[in-house]
Amino acid sequence: MTVRLLTVATRIELAIFLREPAAVFFTLVLPALLLVFNSAADPWPELQASGLTTADGMAPGLILMVMLTAGLMAMPETLAGYRERGVLRRLQASPMRSWQVLGAHAGTQALVTVVGLVLLAGIAIVAYGARLPSGVGLVALVLALLVALAAVLGVGFVIAGVAPTTRTAQAVGAALYFPAIFVAGAVIPREGLPAAVRAIGDWVPFSYLVQGVRTAWWDGRFDLPALGIGAATAVLAAGLATRLFRWS
């Protein structure tokens, strides 16, 4: 019954997401368009020296953009809206537990991320000659992606926990999202940013999520400091989210 409830709730949340054209566009289509528009350019020197394409350079950050859009914008807004409209209070009276409610949303955003990953990697590899790492490098990439997803979802659940209304969730999510995709290098590689902006990015945990995925994709190795910061962010955020979750 426990697993069945979680599965049903996840299917429902996924169906709701897919019925929102704006959510699908900004989460999945926009990153793919950014990859296509940028991948025709010559790779920057660091990529050329390693025999990588511009698509290799862009894809890891854009995969993080998918996670950030789903985890910081879509999910907190949805949960805050459910609380504001009394949906969570009605769920509290059902057999569902709080972890099942959160798990359904986490599962939905994880599935969306997988779709975005497959879409972006497919375009990068088939259309632009990018290459995924193999062997240990592939393991490092999967681990970096899992750590990044856990950290982003954790922060998203914290936002959902503290935001009393949908508008508040939108504002807080946007305040974290836009610095994350630009300062952290998810859209614009940090190598192309001014030194002062890179220094600010050093204090943004999301920078290390991008770094961990890029190191695995580009160099085929584990970036232990980046993975450690990402894991710590995930654990701290999960602890806060558990304490802050409210049905009403």
Query raised in the report: Limited to the stretch 44-101, what total is found for residues that are among the aromatic types (Phe, Trp, Tyr) and either under 17 Å from Leu153 (Cα atoms) or in contact with an Asp or Glu (Cβ under 6 Å, 6 or more places away or on another chain) (or both)?
Result: 1
Requested in this report: State which residue is surrounded by the most Cβ atoms within 10 Å (Cβ to Cβ) when the search covers only the stretch 182-197 and only residues that are free of Cβ contacts under 8 Å to residues at least 40 places away in the same chain and in contact with a Ser or Thr (Cβ under 9 Å, 6 or more places away or on another chain).
Outcome: Val183
Query raised in the report: Residues in the stretch 204-248 that are aliphatic (A, V, I, L, M), surrounded by 15 or more Cβ atoms within 10 Å (Cβ to Cβ), over 18 Å from Ile159 (Cβ atoms) and without any contact (Cβ under 8 Å) to a residue 60 or more places away in the chain: how many?
Result: 1
Report task. Scan the stretch 1-15 residue by residue and report those that are in a helix (DSSP H, G or I) and in contact (Cβ under 8 Å) with a residue 12 or more places away in the chain. Result -> Thr2, Leu5, Leu6, Ala9, Thr10, Ile12, Glu13, Leu14
Requested in this report: Starting from the stretch 83-102, keep only residues that are in contact (Cβ under 8 Å) with a residue 12 or more places away in the chain and of a type in the set (S, T, N, Q), then list their pairs with residues that are part of a loop (DSSP other than H, G, I, E, B) and crowded, with 17+ Cβ neighbours inside 10 Å whose Cβ atoms are within a distance under 6 Å, requiring at least 6 positions of separation or different chains.
Outcome: Ser98/Phe245
Report task. Starting from the stretch 169-181, take each residue that is within 23 Å of Ala59 (Cβ to Cβ) and assigned to a helix (DSSP H, G or I) and list its partners that are modelled with pLDDT of 90 or more and among the aromatic types (Phe, Trp, Tyr), counting only C-beta distances under 7 angstrom and pairs at least six apart or across chains. Result -> Ala180/Phe206
Query raised in the report: Any idea how many residues of the stretch 48-64 are touching a Ser or Thr at 6+ places or on another chain (Cβ under 7 Å) and not β-branched (Val, Ile, Thr)?
Result: 2
Query raised in the report: Which pairs do you get when a residue that is in contact (Cβ under 8 Å) with a residue 24 or more places away in the chain and under 12 Å from Trp217 (Cβ atoms), found in the stretch 136-152, comes within reach of a residue that is charged (D, E, K, R) and part of a helix (DSSP H, G or I), reach meaning Cβ atoms under 9 angstrom, with the pair 6+ apart or on two chains?
Result: Gly137/Asp219; Ala140/Asp219; Ala144/Arg214
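The values are calculated or read from the model by the stated rules, or taken from the named source; none is laboratory data. Note that the structure is a prediction, hence the values are computed from the model and not measured. Positions of Cβ are generated from backbone atoms using ideal geometry, with glycine treated the same way; all protein chains shown enter the neighbour counts.
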